[in-house]
Amino acid sequence: MFVRSHKQSIQGKTINYNLVLDIHSFILFAILLAMDSIHSLVQYFAELPGVGPRQAKRFVYFLLSRNARYLDEMCRLIQELKNTIRTCSECFRFFPNDVRGELICNICKNKNREMASLMVVCRDVDFETIEKNHIFNGKYFILGGTVPVLEKMPEKKVRITELLATVEKRAINNGLKEIIFAMIGLGSPSSST
């Protein structure tokens, strides 16, 4: 027999009790605890963009098949993410922290970039795609997602207010003349045959 002590709070009162289990109940209890962890992790993965419940389960079972070193390294990298990456105060893209603790990314600091052009993209991944292909040499603004046209207050979902302030500031200070909305992934117009 196995004995497990528990504390549970019900309506503000703490109740202490011992759970006595035989071997079969203990195994079932351990499986249920593990399944609860699996279910919780599946729900976290399912929140990732483009990941549904089935794919999320595949991620969890993949992680379960890895060794402890792999999982420890992954946990360390996830925890380190918030400490080593920051958001640019001008374009709102994520960029690596440097030793000086800069608030502005290297793109926004670069004086050789075209100041009169501003490209608005939905997400950092869109910015990276455009930068990798060297097709734009101006400044950027990361909107933070696609514009939720059916929302009553879209400014709570994306950085519309910040975009308007950036446009006004750059028009006055930098002679902004061109704004390009590069909304990748919103679909293409239907073609007729």
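The values are calculated or read from the model by the stated rules, or taken from the named source; none is laboratory data. All values reported here derive from a predicted model rather than from experimental measurement. Neighbour counts run over all protein chains shown; Cβ positions are idealised from the backbone, glycine included. Keep in mind that these areas ignore ligands, DNA and RNA; they rest on the heavy atoms of the full protein, side chains included. Shrake-Rupley method; radii C 1.70, N 1.55, O 1.52, S 1.80 Å.
Just by accessible area at a 1.4 angstrom probe, what is the order of HIS39, HIS134 from largest to smallest? Show your work: numbers first, answer last.
Working: HIS39 100, HIS134 160 Å².
Ranked from most to least accessible, the order is HIS134, HIS39.
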With every protein chain left in place, what is the accessible area of ARG76 in Å² (1.4 Å probe, nearest 10)?
100 Å²
Computed lengthening from GLU168 to GLU128, 0.36 nm per intervening residue step minus Cα-Cα distance:
11.9 nm
Could you rank THR161, THR84 by how accessible they are, 1.4 Å probe, largest area first?
THR161, THR84
Surface accessible to a 1.4 Å probe, TYR70 within the full protein complex, Å²
100 Å²
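I'd like the carbon and sulfur percentage of the solvent accessible area for region 101-152, probe radius 1.4 Å, heavy atoms only, ligands and nucleic acids excluded.
On the way: 1530 of 2940 Å².
Taking all protein chains in place, region 101-152 shows 52 percent carbon and sulfur surface.
Quick one: Cα convex hull volume of region 52-113, Å³ per residue? Intermediate results must be reported in sequence, preceding the final value.
Numbers: hull volume 8.4 nm³, N = 62.
Expressed per residue, the convex hull around the Cα atoms of region 52-113 is 135 Å³.
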Show me the GluC sites (Glu not before Pro) within region 31-111 that DSSP assigns to loop and that have at most 12 other Cβ atoms within 10 Å of their Cβ.
GLU47
Keeping all protein chains in the complex and leaving out DNA, RNA and ligands, what accessible area do you get for PHE181 with a 1.4 Å probe, in Å² to the nearest 10?
130 Å²
Arrange the residues ARG58, ARG159, ARG113 by how much accessible surface each exposes, largest first, with a 1.4 angstrom probe.
ARG58, ARG159, ARG113
